[in-house]
Amino acid sequence: MRPKSIDEYIGQFPPDIQEILEMLRKVIKEAAPDANEKISYQMPAFDLHGILVYFAACKNHIGFYPTASGIEAFKQELMAYKSSKGAVQFPIKKPIPYGLISKIVEFRAAENMRKATDKLHKKRG
């Protein structure tokens, strides 16, 4: 089943995973209250002048996708986790670093706002 909303996406997982995903959703909403929820690439996503972050539940980890800039800006803090250019894996069996996730989302929100403002100034200029 292809989820049409984040509620549908979260609802397809066992209760322990739902709890993690709901907390992740809450942390993202608090860090970027103006962002819109959507499903993109069949994953929960938050959009604010472009995609901020995606997240997904996998078999043994929560995938968090803050784009390449989000990974790069926090590479020191993310060293303990398996990561790639635009993604990081948080093992389900270990505590999820919600505080770090919040900082990454705030960084991405500021970055997207800056890009949107720059684009607006170029159009007017």
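Could you give the angle, 0 to 90 degrees to the nearest 10, between helix 98-124's Cα long axis and the longest principal axis of the Cα atoms of the chain? Approximately 30 degrees, to the nearest 10. Ignoring aspartates and glutamates fewer than eight residues from LYS4 along the same chain, the ones with Cα atoms less than 17 angstrom from its Cα are GLU22, GLU37, ASP47.
With neighbours defined as other Cβ atoms within 10 Å of a residue's Cβ, the residues LEU24, LEU100, LEU52, LEU120 order from fewest to most as LEU120, LEU100, LEU24, LEU52. Tell me, what is the FRET efficiency for ALA80 and THR117 to the nearest 0.05, using R0 = 35 angstrom and their Cβ-Cβ distance as r? After rounding, the FRET efficiency stands at 0.55. Close amide H pairs (under 5 Å, H built 1.01 Å from N) link LEU52 with PHE46, ASP47, residues at least 5 positions away or on another chain. Compared with the dominant principal axis of the Cα atoms in the chain, helix 15-31 is inclined by about 20°.
The length gained on full extension between MET23 and LYS93, counted as 0.36 nm times the residue separation minus their Cα-Cα distance, comes to 23.7 nm.
Legend: ranking of residues PHE64, PHE13 from fewest to most surrounding C-beta atoms inside 10 Å; resulting order PHE13, PHE64.
Strictly greater than 24 Å: what percent of every Cα pair in the chain meets that? The share of Cα pairs beyond 24 Å in the chain comes to 26 percent.
Values quoted throughout were computed directly from the atomic coordinates according to the rules given, and no laboratory measurement underlies them. These numbers were taken from a predicted model, which means no experiment stands behind them. No Cβ is skipped: glycine too gets one built from the backbone with ideal geometry, and neighbour counts run over all protein chains shown.
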